[in-house]
Amino acid sequence: MSTGPILSVQDLNVRITTRRGIVRAVDGVSLDVAAGEALGLVGESGSGKSMTLRAIIGVLPAEGRITGGQILLDGVDLVPLSQAELNRIRGPKISMIFQEPMSALNPVMRVGNQIAEGTRVHLGYSKSKAAERALELMRRVGIPDPERRFRAYPHEFSGGMRQRVMIAIALSCDPEIILCDEPTTALDVTIQDQILRLLSRLCRESGVSLIFVTHDLPVVAEICDRVAVMYGGQLVERGDVRDVLLDPRHPYTLGLVRSAPDVEHVRDSLVPIPGSPPSLVSPPSGCRFHPRCGFAQDDCTVQPTPLRDLPGGRSTACLHYERCAEALAADGIGHG
Amino acid sequence: MADADAAVGTGPLLSASDIAVHFPVGSQLAARARHHERMLRAVDGVDMELDRGDALALVGESGSGKSTLALALAGLRPVDRGQVSFDGRVLPKHRSRADLRRIQMVFQDPYSSLNPRLTVGSMLRELVRVHHVVPGGEADEYCARLLTLVGLGQDAMRAYPRQFSGGQRQRVAIARALALRPDVLVADEPVSALDVSVQATILNLLRDLRGELGLTLLLISHNLAVVRHLCDRVAVMYLGRIVETGSADQLFGNPQHPYTRGLLAAIPRLSDSAAGRAQGGPAVVGDPPSALRIPTGCRFRTRCPIAQARCETEDPALRTGPGEPGHQVACHFAFTGAPENGAAGANVPAELSAEMPAEVPVNPDGRA
């Protein structure tokens, strides 16, 4: 195996055609994921994080298309591939877990067969061998009494168990990378804890890589090694999870950290991010966050602000990132 | 009017005793043939008190009955057992309009809880007119003041809900609840449907309103960070019962029920690390049992790391801890220094961690 990244997204652009115009949903996003690494992708609704995932696995909505960039999986560019070619890659190389397991699973097919289907199609397993593999996977993801549950339908499962079934399906063909789109948002905190532990353990045991999309910063802290923050279709900050979340270098990340209530630090009042997310049909000039940013200066409105590398293996798109550290020091939080 | 002659008591503003709400499930025809209805016991004997000016949070997993309890307290759902008292007076089964006015609700989803065909102004004016909150001539000015109070401009009067963002809609919903000058505001997951950065504005608003208007707040939430931010008292619900209640400091600082400990341990924290989560067992094992088949004895015992034989037969009652006034726990081993969750959970091999007892004896009649 090479030591380079498993997945490398270079300057990805996704445009969605709507009646209101062309939405620049993903605008020049570059990401690298190493083998066995869990990368978090955070941002608010409409920031383009889910679109990035869907572009990677080739399931964009009908109005959306990739207008530029490369998606290199093991050195092979996925962008020019046909659906038939992508079908051969989805499963054995790359798979996905969705937020709503109830709508992602087939309601009229027994869960055992759904887990076995992938190995039969992709790896040519016989019916009995595939069933054996499905039982093994059900055990691995912690579904109790797999022999009995094999013949059950999704509606007979609780939300947490359905998500375990989704994970078993995603794992069935031993992919190199699993894309997770808010897999725990619909779950209770106790069940979320179980699923996060499971994903974390799988990631460490089998060396599978994860891209974990969520809006919940503490969840990212729990499961990811590195994190990339998206705003208005662009990456605004990237780096090691603890660095970025505890000591942000972009005012948007800082805003996310300061606006969320925390069980550990009770503050008198939360600091909301003023304004609302930008229109991606006609985004603001310069830095897209500048209309909502307390640190904005004249130079922020002039030209685009791509990610720049900072010392310590992290990057930021902010021209005045030093202000974040000052604001944090004034708050008395950070570096927990 | 009824609220005029209600004596202002020194007791709790709102209190509930032995409240139960049951839902019949399955075919009613089959139930009649069997002479026995299957009952889902959503709320199963809850006692609680809410003092004037307090902010109490009800927390628990989905299906624990917290929303049903809130609806029952607000008089929006009949109770099957027990009674609700307001200001020392037992409220009748069918509440008068004046009684309903005293407790108002804000719902989770501001997209479905506002009438899409009424402007905000006409919605508020209608409320004010029907309940005679202010004389007819002052209605417009009153509504405008309400909107200012929740941080919306005067233009909001003529706008329809669809013209607002999620956070602004939730402000409208709060204005609607406040229009009747309630004593108690019940907020059922008021921020769960909103984006993170917007949640903060609504949480700050609720907190400010509490200070400005002296509102009594009942917050229902599964998010313990939100609870910690807004409330000074917390009640933890599990399968239709309150299993632990106390001040926020008691509950977060010295949780006694194994379920509360599990809930707290399950919260993701910014300072956690991925490596830490991969090791060790989950904070609470398994799924909550169905409210149709509530376990005998202590209802948490099927997932409890410290369950003993007596938990299967004896239903623990809420009892107050020594030296901790107001801190009540329904566990046989509370306040005794029993082994902590973490110690027991860490020994469970990860492979078995999700395993639950396959068959659990249940008491189908509901009463222990």
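The values are calculated or read from the model by the stated rules, or taken from the named source; none is laboratory data. Because the structure is predicted, anything quoted here is derived from the model rather than measured. Here Cβ is always computed from backbone atoms with ideal geometry, including for glycine, and neighbour counts include all displayed protein chains.
Computed quantities for the displayed model
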| read-out | value |
| --- | --- |
| Residue check for A:Gly312: more than 19 Å from B:Val196 (Cα to Cα), under 24 Å from the mean Cα position of the chain (by Cα) and not acidic (Asp, Glu) | yes |
| Filter result (under 18 Å from A:Gly160 (Cα atoms) and of a type in the set (S, T, N, Q)) within region A:184-229 | A:Thr184, A:Thr185, A:Thr190, A:Gln192, A:Gln194, A:Ser200, A:Thr214 |
| Positions within region A:59-109 being among the hydroxyl-bearing types (Ser, Thr, Tyr) and closer than 28 Å to A:Thr185 by Cα, in sequence order | A:Ser95, A:Ser103 |
| Among residues of region B:216-264, those that are within 12 Å of chain A (Cβ to nearest Cβ), within 21 Å of B:Ser17 (Cβ to Cβ) and basic (Lys, Arg), counted | 0 |
| Unique residue being in a loop (DSSP other than H, G, I, E, B), surrounded by fewer than 22 Cβ atoms within 10 Å (Cβ to Cβ) and under 17 Å from the mean Cα position of the chain (by Cα) when the list is A:Ala186, A:Ala152 | A:Ala186 |
| Tally of residues being more than 20 Å from A:Ser276 (Cα to Cα) and either of a type in the set (S, T, N, Q) or surrounded by fewer than 17 Cβ atoms within 10 Å (Cβ to Cβ) (or both) across region B:157-181 | 2 |
| Only listed residue being in contact with a helix residue (DSSP H, G or I) (Cβ under 7 Å, 6 or more places away or on another chain) and closer than 18 Å to A:Asp243 by Cα, chosen from A:Cys318, A:Cys293, A:Cys287 | A:Cys318 |
| Verdict on B:Ala31 being surrounded by 14 or more Cβ atoms within 10 Å (Cβ to Cβ) and modelled with pLDDT under 90 | yes |
| Unmet requirement for B:Thr302, which otherwise passes all of (1) at pLDDT below 90; (2) surrounded by 15 or more Cβ atoms within 10 Å (Cβ to Cβ); (3) closer than 22 Å to B:Lys66 by Cα | (1) |
| Residue that is nearest to A:Gln234 (Cα to Cα) [pool: residues in region A:296-313 that are surrounded by 15 or more Cβ atoms within 10 Å (Cβ to Cβ) and touching a helix residue (DSSP H, G or I) at 6+ places or on another chain (Cβ under 6 Å)] | A:Cys300 |
| Matching residues in region A:1-15 - criterion: being surrounded by 23 or more Cβ atoms within 10 Å (Cβ to Cβ) and farther than 16 Å from A:Phe212 by Cβ | A:Leu12, A:Val14 |
| Residue count, region B:184-207 (criterion: within 23 Å of B:Met123 (Cβ to Cβ) and over 17 Å from the mean Cα position of the chain (by Cα)) | 5 |
| Residue within region A:314-327 that is outside any loop (DSSP other than H, G, I, E, B), within 14 Å of chain B (Cβ to nearest Cβ) and surrounded by 24 or more Cβ atoms within 10 Å (Cβ to Cβ) present | no |
| Subset tally (residues that are hydrophobic (A, V, I, L, M, F, W, C), farther than 12 Å from A:Arg162 by Cα and outside any loop (DSSP other than H, G, I, E, B)) for region A:78-120 | 6 |
| Region A:271-281, subset within 8 Å of chain B (Cβ to nearest Cβ) and in contact with a Lys or Arg (Cβ under 7 Å, 6 or more places away or on another chain), residue modelled with the lowest pLDDT | A:Val271 |
| Residues located in region A:16-53, provided they are in a strand (DSSP E or B), crowded, with 19+ Cβ neighbours inside 10 Å and either without any contact (Cβ under 8 Å) to a residue 40 or more places away in the chain or basic (Lys, Arg) (or both) | A:Arg24 |
| Per-region count, region B:55-64, residues under 23 Å from B:Asp183 (Cα atoms) and either in contact with an Asp or Glu (Cβ under 7 Å, 6 or more places away or on another chain) or at the interface with chain A (Cβ under 9 Å from one of its Cβ atoms) (or both) | 1 |
| Condition check for A:Arg267: at pLDDT below 90, out of contact with any strand residue (DSSP E or B) (no Cβ under 9 Å at 6 or more places or on another chain) and within 9 Å of chain B (Cβ to nearest Cβ) | yes |
| Sole residue being more than 10 Å from every other protein chain (Cβ to nearest Cβ) and in a strand (DSSP E or B), chosen from A:Ile178, A:Ile169 | A:Ile178 |
| Qualifying residue in region B:181-193 (condition: at pLDDT 90 or above, on the phi > 0 side of the Ramachandran plot, out of contact with any helix residue (DSSP H, G or I) (no Cβ under 6 Å at 6 or more places or on another chain) and within 14 Å of another protein chain (Cβ to nearest Cβ)) | yes |
| Cβ-Cβ under 6 Å pairs, at least 6 apart or on other chains, region A:137-161 side at the interface with another protein chain (Cβ under 8 Å from one of its Cβ atoms), far side surrounded by fewer than 20 Cβ atoms within 10 Å (Cβ to Cβ) and among the acidic types (Asp, Glu) | A:Pro144/B:Glu355 |
| Checking B:Glu61 against (1) charged (D, E, K, R); (2) touching a residue at least 24 places away in the same chain (Cβ under 8 Å); (3) touching a Lys or Arg at 6+ places or on another chain (Cβ under 9 Å), the condition it does not meet | (3) |
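Conditions (1) free of Cβ contacts under 8 Å to residues at least 60 places away in the same chain; (2) within 11 Å of another protein chain (Cβ to nearest Cβ); (3) over 30 Å from B:Gln250 (Cα atoms); (4) surrounded by fewer than 24 Cβ atoms within 10 Å (Cβ to Cβ), marked per residue:
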position: A:Thr190; (1), (2), (3), (4): yes, yes, no, no
position: A:Ser200; (1), (2), (3), (4): no, yes, yes, yes
position: A:Ser209; (1), (2), (3), (4): no, no, yes, yes
position: A:Val220; (1), (2), (3), (4): no, yes, no, no
position: A:Asp225; (1), (2), (3), (4): no, yes, yes, yes
position: A:Val236; (1), (2), (3), (4): no, no, yes, no
position: A:Leu246; (1), (2), (3), (4): no, yes, no, yes
position: A:Pro251; (1), (2), (3), (4): no, no, yes, no
position: A:Pro261; (1), (2), (3), (4): yes, yes, no, yes
